[in-house]
Amino acid sequence: MNQKQVFLYDENRLFVGSQFIAESEKLIQSTDVPPPELGENEVAVYAGNGRWIKRENTTQKIVTFKLTKLEVQSLTTDDTIRVGLGGIVWLPINQPFSIKTTAEGIPDSQLMVMVERVVDGSKAVDDIRLLADIKDGQVTMKGVFKVSGNYLLRASRVNEGLERIGAPFRLDFKTVEFDAYEQVELEKG
């Protein structure tokens, strides 16, 4: 069986590669005409009738910022936040807290961050949103858990949101786990 090479393009008519197919076959989004030689920041766009056009690659390069020195602190004088077994942050519900971290090179902005309420240690059932203020490489988030439970602040979930909105960056940080609990005062007697 004789084969021929065809050059493939996607729904945006951008060159995506080549493939060998049977001589009698025809792929819908392909041409027998090879794309031109491309520079580092160029893409080939199929114009039809065996013609390719060179264009500047407008796809943004995604930069990843590593968050370091992450600290969870109380925002009141009633500091009942502590770190329990497994590095889990324990705090009572309705206790305002802040999360501060450093991110070298990240541009000043604001960002909405999702903290998931989970069951069985990983299955998300709900989430809350924290506004992250980013200024001079410092990231600060403030929040309060109003419902008791296990919460996770995960880079993978934040990055899903960043991808969905087309942000030119992603975040890399270790998952922060919280246990928010009902604080009950026991009478001494």
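Restricted to the range 155-170, and to residues that are in contact with a strand residue (DSSP E or B) (Cβ under 7 Å, 6 or more places away or on another chain) and surrounded by 15 or more Cβ atoms within 10 Å (Cβ to Cβ), which residue is farthest from Val184 (Cα to Cα)?
In this case the residue turns out to be Phe169.
I'd like to check something: does the range 127-137 contain any residue that is assigned to a strand (DSSP E or B), surrounded by 14 or more Cβ atoms within 10 Å (Cβ to Cβ) and touching a residue at least 60 places away in the same chain (Cβ under 8 Å)?
No: the range 127-137 contains no residue that is assigned to a strand (DSSP E or B), surrounded by 14 or more Cβ atoms within 10 Å (Cβ to Cβ) and touching a residue at least 60 places away in the same chain (Cβ under 8 Å).
Give the residues of the range 75-92 that are surrounded by 15 or more Cβ atoms within 10 Å (Cβ to Cβ) and either touching a Ser or Thr at 6+ places or on another chain (Cβ under 7 Å) or of a type in the set (S, T, N, Q) (or both), sorted by residue number.
Once the filter is applied, which keeps residues that are surrounded by 15 or more Cβ atoms within 10 Å (Cβ to Cβ) and either touching a Ser or Thr at 6+ places or on another chain (Cβ under 7 Å) or of a type in the set (S, T, N, Q) (or both), the range 75-92 yields Ile81, Leu91, Pro92.
Please work out if Glu182 is under 17 Å from Val89 (Cβ atoms) and of a type outside the set (A, V, I, L, M).
Taking the combined requirement at face value, the residue satisfies it.
Need at least 2 residues that are touching a residue at least 60 places away in the same chain (Cβ under 8 Å) and of a type in the set (A, V, I, L, M, F, W, C) per element, so show me which strands (runs of 3 or more DSSP E) inside the range 41-109 make the cut, counting only ones lying wholly within it.
Those strands (runs of 3 or more DSSP E) span 63-66, 68-74, 89-92.
Would you pick out the residues in the range 140-154 that are hydroxyl-bearing (Ser, Thr, Tyr) and buried (at least 16 other Cβ atoms within 10 Å of the Cβ)?
Tyr151
Values in this text are rule-based calculations from the coordinates and carry no lab data. Nothing here was measured: the structure is a model prediction, and the numbers come from that model. Note: ideal-geometry Cβ built from the backbone for every residue, glycine included; neighbour counts use all protein chains shown.
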